[in-house]
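Beneath this line is the structure, given in structure tokens, with notes to follow.
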Amino acid sequence: MTNIELEKEFRKRFNKEPERLFFCPGRVNLIGEHIDYNGGQVMPCAISSGTWLMLAQNSDMVFRFQCINFPETATLRLQSSYSKTGKEWFNYPLGMIHQIIQEGHLVGGLDMLFYGNLPIGAGLSSSASIEVLTGHAICTMNYLPIPFKEIALLGKKTENEFIGVNSGIMDQFAVAMGMENKAVLLNCDTLEYEYIPFEIGDYVLAIINSNKQRSLAESKYNERFSECQAALKLLQKEIKADFLCDISPEEFNAKKHLINDPVLEKRALHVVTENERVKQATKALKGHDLKVFGELMYASHQSLKELYEVSGKELDAIVDFCKTYHGCIGARMTGAGFGGCAIALVKKEMFDDFEAKLTEYYTGKIGYAPQVFASAIGGGVREEPLLKAH
């Protein structure tokens with residue numbers, strides 16, 4: 001949907017002119033999977049797909065929520081606090097408004113129309129996109145001086161306390177702080193971050209949606225979290241470390257006998273080696289060595305498949321194909337796993353061929369088609385110009 005079509009839809013639904021338009025991207029994590037809660041660094045980047053919000057003030061002192069993608073709408077009176085109701089999409093922007101009000105800020109009534117082109121449940125952070133988008137829009141419309149970093153933290157609070165999902169800060173941080181052609185090297189514990197050049201020249205970042213909903217992700221996520229904590233506790237008998245990511249691969253190999261449980265040992269080995277891969281990936285990107293970065297992507301996927309066991313036949317089929325395709329130099333699952341998306345670095349001029357052949361291979365293996373699209377590495381949340389077309 002174009003901005004002009006969105007404007008027409010806004011007028012039709014609210015019978016008034018829109019005042020402002022905002023956009024917030026989704027994100028992928030380039031490398032560093034399942035180490036954010038183990039004290040490691042992640043490397044997400046904002047992508048070119050995302051969520052738009054067109055809005056106008058109203059004098060009725062209400063929030064009107066409408067969305068092109070979902071039929072449910074809501075009109076809620078302005079009040080001092082809100083709580084989640086049901087599973088409707090508008091709980092995400094409502095939760096964000098709730099958090100801003102709880103911080104002591106005054107806000108006015110708004111008519112809001114959302115539209116997104118991120119596949120839902122694919123692990124590209126559609127929920128974080130809506131949260132940060134709403135936060136930035138509310139701040140702009142009400143002249144609230146809340147910096148992007150704080151908006152990201154309010155988004156995490158919304159997810160944890162209002163929605164009730166125990167997720168980390170990576171998603172909200174990446175979509176709030178993303179920068180064009182840059183990856184964000186982020187320490188999820190301290191929020192220290194650095195922009196790393198992601199200049200991929202003749203290649204494109206392909207995002208491949210497996211079209212398998214991530215049904216197991218939540219329960220298995222909590223299970224992996226507990227397994228990592230258990231492994232750390234055993235290693236702490238002889239190693240001084242607050243997190244698994246504080247342990248070097250050499251230290252781990254010398255002390256892994258302390259774990260004495262093959263499953264826990266595998267989980268810890270993934271964390272320790274993946275953390276090392278992030279360091280090597282940072283070095284590779286700073287040195288413009290895409291080939292090494294691609295090899296690290298493949299190694300990351302292998303570890304997530306065999307040691308952490310969060311992949312699945314769908315994601316493995318995508319990466320297996322990528323390994324045989326001569327125009328692809330790296331691929332891996334991205335996000336929590338058990339479905340969702342994979343990413344790949346593919347030669348620009350071969351992308352159409354890659355898409356066609358991968359789709360044929362995957363459909364033959366899995367029984368239905370994936371969704372394949374090329375993404376630019378985009379900037380974070382921002383205001384976009386209104387075209388005022390009639």
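L78 fulfils the conditions (1) surrounded by 20 or more Cβ atoms within 10 Å (Cβ to Cβ); (2) touching a strand residue (DSSP E or B) at 6+ places or on another chain (Cβ under 8 Å); (3) over 16 Å from C139 (Cβ atoms) except for a single criterion, (1). What do you reckon, is A317 out of contact with any strand residue (DSSP E or B) (no Cβ under 8 Å at 6 or more places or on another chain), among the hydrophobic types (A, V, I, L, M, F, W, C) and surrounded by fewer than 23 Cβ atoms within 10 Å (Cβ to Cβ)? Yes. Of the residues making up segment 341-348, none is assigned to a loop (DSSP other than H, G, I, E, B), in contact with a helix residue (DSSP H, G or I) (Cβ under 9 Å, 6 or more places away or on another chain) and in contact (Cβ under 8 Å) with a residue 12 or more places away in the chain. Residues in segment 240-254 that are buried (at least 17 other Cβ atoms within 10 Å of the Cβ) and more than 21 Å from D36 (Cβ to Cβ): there are none. Checking each residue of segment 91-99 against the condition of being within 26 Å of G378 (Cα to Cα) and either of a type in the set (D, E) or in the same structural domain as E309 (by TED's automatic domain parsing) (or both) gives no match.
When segment 182-230 is filtered for residues that are basic (K, R), outside any helix (DSSP H, G or I) and either more than 28 Å from Y325 (Cβ to Cβ) or touching a strand residue (DSSP E or B) at 6+ places or on another chain (Cβ under 7 Å) (or both), only K182 remains. Cβ-Cβ distances below 7 Å connect the following pairs, each with a first residue in segment 293-314 that is under 15 Å from F338 (Cβ atoms), a second residue that is among the basic types (K, R) and modelled with pLDDT of 95 or more, and a separation of six or more residues or different chains: H301/R332; Y308/R267; S311/K305.
Inspection of segment 124-142 identifies at least one residue that is assigned to a loop (DSSP other than H, G, I, E, B) and within 30 Å of Y325 (Cα to Cα). Would you check which residues across segment 231-249 are in a loop (DSSP other than H, G, I, E, B) and touching a residue at least 60 places away in the same chain (Cβ under 8 Å) and list them? Answer for segment 231-249, where residues must be in a loop (DSSP other than H, G, I, E, B) and touching a residue at least 60 places away in the same chain (Cβ under 8 Å): D242, F243. (1) out of contact with any helix residue (DSSP H, G or I) (no Cβ under 7 Å at 6 or more places or on another chain); (2) at pLDDT below 95: which one isn't true of N166, the others all being true? N166 satisfies every listed condition except (1). Pairs meeting the criteria (first residue in segment 74-93 and part of a loop (DSSP other than H, G, I, E, B), second residue polar (S, T, N, Q), beta carbons under 6 Å, at least 6 apart or on different chains) are K84/N91. None of G108, G104, G50 is in contact (Cβ under 8 Å) with a residue 24 or more places away in the chain, outside the structural domain of F243 (by TED's automatic domain parsing) and surrounded by fewer than 17 Cβ atoms within 10 Å (Cβ to Cβ) except G108.
The values are calculated or read from the model by the stated rules, or taken from the named source; none is laboratory data. Here the structure is a predicted model, which means the values were calculated and not measured. Note that we place each Cβ from the backbone using ideal geometry, even for glycine, and neighbour counts take in every protein chain shown.
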